[in-house]
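The values are calculated or read from the model by the stated rules, or taken from the named source; none is laboratory data. Everything numeric here is computed off the predicted structure, so don't read it as measured data. Cβ: placed from backbone, ideal geometry, glycine included. Neighbour counts: every protein chain shown.
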Amino acid sequence: AKAEGRNTFRFFEPGMAAAFIARNQLETDLQAALRQEAFSLRYQPIMTLASGRICGFEALLRWDHPTRGPVAPSEFIPLAEETGLIVPLGDWALRRACLEAAAWPKDMRVAVNVSAVQFQRSSLEGSVAEALRASGLAANRLELEITESVLMQNAVAVVSSLMRLRATGVRIALDDFGTGYSSLSYLRRFPFNKIKIDRSFIVEIEDPEVAAIVRAIVGLGARSGAAITAEGVETERQLDRVRQEGCTEVQGYFFSRPLTADQARLFIAAATAA
Ligand code: C2E
Ligand code: CA
Ligand code: CA
Ligand code: CA
């Protein structure tokens, strides 16, 4: 027992300490990056299947770290959420995406990812109104992508906030559909304009059971008038399958990787000239 007592700080192992320091450093760097505008956005095209045209782009954050190089969103977004930095970072992404989209053809939208923390810790409605005002972008050209984690906490307050946003014309999409614990129940809580079927289903679309799930989601969406986007379409075969199952939109490497703002403008010019 005595020997154990001396080992009380066993949890503070060298490896963990290193991880802790690295994480702290990353957090400090994240704060600096925000001040220095070391973040950028990429834009990935989304296609309407019926017309074969681009209906818009999803804005995706990128961080080019001064020494580590590009840091993946899967690494820095959770950290930004834990520290609350996602609030100013999310506001920045919103403003930037709206400014960029204002220069695109009027039938193209921009989709911006919104974290649950932005609902809890800030006036998202105020940020959205400000981003639209500053850019001159019409509200119906902005789409907010939320995951079910947004609706998990304080659902009543969030739903009323989403309702007010929708009433202004802003569209609301349910992202990563099918990956959570109770996805279906969230469809009843809010009238989403769009459901985005997670890439994990598209990868396995050859599996008849997975195809049946996709078909069921399409049915649910059709009933409420929601658009259904297949995420992460990488092959022509997957494209054919999601079309067969009734998805209305597609997004993925098969069409394009996320592009810089300049590349996105060229992509639009090439697509609209054809
Ligand atoms: P997400 O919202 O589900 O975004 C789609 C992710 O799938 C993006 O990864 C995109 O680059 C990737 N992707 C698109 N097509 C394909 C494909 O055909 N194959 C494969 N393998 N991947 C594809 P990314 O850019 O690394 O972003 C990862 C996640 O980080 C996003 O997932 C989103 O949850 C989060 N994120 C990115 N930007 C923002 C942001 O501005 N705000 C917030 N709150 N989260 C963001
Ligand atoms: Ca998304
Ligand atoms: Ca997604
Ligand atoms: Ca995701």
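Within region 153-173, identify whether any single residue is closer than 30 Å to Q244 by Cα, touching a Phe, Trp or Tyr at 6+ places or on another chain (Cβ under 7 Å) and either surrounded by fewer than 19 Cβ atoms within 10 Å (Cβ to Cβ) or at pLDDT 95 or above (or both), and answer yes or no. First the steps, then the outcome.
Taking region 153-173 and keeping what is closer than 30 Å to Q244 by Cα, we get 170-173.
Next cut, touching a Phe, Trp or Tyr at 6+ places or on another chain (Cβ under 7 Å) only: 172-173.
Filter once more, keeping what is either surrounded by fewer than 19 Cβ atoms within 10 Å (Cβ to Cβ) or at pLDDT 95 or above (or both): 172-173.
Scanning region 153-173, I find at least one residue that is closer than 30 Å to Q244 by Cα, touching a Phe, Trp or Tyr at 6+ places or on another chain (Cβ under 7 Å) and either surrounded by fewer than 19 Cβ atoms within 10 Å (Cβ to Cβ) or at pLDDT 95 or above (or both), so the answer is yes.
Counting residues that are free of Cβ contacts under 8 Å to residues at least 60 places away in the same chain and within 16 Å of ligand 3 (Cβ to nearest atom), which helices (runs of 4 or more DSSP H) fully inside region 114-224 reach at least 1?
116-121, 148-152, 183-189, 199-203, 208-224
Return the only residue of R121, R171, R166 being away from ligand 1 (no atom under 12 Å from the Cβ), within 17 Å of the chain's Cα centre (by Cα) and either over 20 Å from Q44 (Cβ atoms) or not small (G, A, S) (or both).
Result: R171 is the single residue among R121, R171, R166 that is away from ligand 1 (no atom under 12 Å from the Cβ), within 17 Å of the chain's Cα centre (by Cα) and either over 20 Å from Q44 (Cβ atoms) or not small (G, A, S) (or both).
Checking the condition within 16 Å of ligand 4 (Cβ to nearest atom) and on the phi < 0 side of the Ramachandran plot, which residue from V87, V117 passes?
V117
Show the residue pairs meeting these rules: Cβ distance below 8 Å; 6+ apart or different chains; first residue within region 262-274 and part of a helix (DSSP H, G or I); second residue charged (D, E, K, R).
Between residues of region 262-274 that are part of a helix (DSSP H, G or I) and residues that are charged (D, E, K, R), the close pairs are A264/E100; A271/R53.
What is the number of the single condition among (1) within 17 Å of F267 (Cα to Cα); (2) more than 16 Å from ligand 3 (Cβ to nearest atom) that A38 does not meet?
(1)
Can you tell me which residues in region 16-61 are assigned to a strand (DSSP E or B), more than 30 Å from Q244 (Cα to Cα) and free of Cβ contacts under 8 Å to residues at least 60 places away in the same chain?
F39, L61
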